[in-house]
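Everything below concerns the one structure shown next.
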Amino acid sequence: MNDSLAQHYLDDAIASFRAYKKLAEKALDQLQDREYFASLDPEANSIAVIMKHLAGNMFSRWTDFLTTDGEKADRNRDMEFVIESQTTKDDVRAYWERGWQCLFDALEPLQPNDFDRKVLIRGEAHTIVQAVNRQMMHYAQHIGQIVFLAKHFRSSEWKSLTIPRNRSAQFNAYLADKADEAFETESRFDTAASFANESEGNKE
């Protein structure tokens, strides 16, 4: 991969991770504290569990990213799916933040020449692109779960983060009006949320 393409990929990957983090947090900010810990059935994960698992994965995958296996020997993955009784929403949010910081601390210093290296995940060699894509797909899956659960719990009080139902044509017109504005990957989910908020405001 040439240096220009590697840098473009890295910049876009970091911005995409930030966009997914922001999307999740817009859902989290709508929750009542107890809803972090509610589950739909005995086999389902709560939002707190999903957040704890994501952060635990981030600590394992991104600590010493270039030099150690992404599945750390001291990782206790099974405990990522256990929430202790004294855990609060603030505890979960703080752990989540530390996990994301570990990710950004690993990615932001990377240089184009690092893309010639291989990293290990559970003993399997990955290119840098493969390793980053693997984690992005994993995190996107779980962030979708967070948004789904938050919408379920908030029900009629939910503030949409996507194009509202039966408003696709209006959204396309909304985008056309903004065609001259620069697109930023980190804000890729913001446009639909802004449109949804403006649509709700116009109804009042």
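Please treat every number below as a calculation from the coordinates, not as lab data. All figures in this text were calculated on a predicted structure; none of them were measured in a lab. Here the Cβ is made from the backbone with ideal geometry for all residues, glycine too, and neighbour counts use every protein chain on show.
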**Report entry** Spacing of the two label points (7 Å from each Cα toward its C-beta) at Met1 and Thr87, in nm
**Finding:** 3.3 nm
Report summary line: Taking the chain, the lysine pairs whose C-alpha atoms sit under 16 Å apart (8 or more places apart or on different chains) add up to 9
**Report entry** Dipole magnitude (debye, nearest 20) for the stretch 3-157, charges at Cβ of Lys, Arg, Asp, Glu
**Finding:** 220 debye
Query raised in the report: How far apart, in nm, are two points set 7 Å out from the Cα along the Cα-to-Cβ line at Arg117 and at Asn172?
Result: 4.7 nm
Query - Farthest positive-ward along the stretch 76-146 dipole, Cα basis, beta-carbon charges - from Asn133, Ala94, Ile143 - result: Asn133
Report summary line: Note to self: C-alpha centroids of the stretch 105-162 and the stretch 32-68 sit apart, in Å, by 12 Å
Report summary line: Checked the chain against the a/c 1.5 cut and the a/b vs b/c comparison, axes a ≥ b ≥ c from its Cα gyration tensor; verdict oblate
Query raised in the report: With the Cα gyration tensor of the stretch 13-110 giving a ≥ b ≥ c as the square roots of its eigenvalues, does the rule (a/c under 1.5 for rounded; else a/b larger than b/c for prolate; else oblate) give rounded, prolate or oblate?
Result: oblate
Query raised in the report: Each residue of the stretch 68-77 in order: what ³J(HN,Hα) in whole Hz does its phi give by Karplus 6.51 cos²θ - 1.76 cosθ + 1.60, θ = phi - 60°, with x for Gly and Pro?
Result: 10, 4, x, 9, 6, 4, 8, 6, 10, 4
Query raised in the report: In the chain, which helices (entire DSSP H runs) extend 24 Å or more along their own long axis, judged by Cα positions, while averaging at least 0.0 on the Kyte-Doolittle scale?
Result: 128-154
Query - Net length gained if the chain between Glu181 and Ala38 were fully extended (0.36 nm per residue, minus Cα distance) - result: 47.4 nm
Query raised in the report: Taking the simple approach of a point 7 Å from Cα along Cα-to-Cβ for both Phe148 and His8, what is their distance in nm?
Result: 3.4 nm
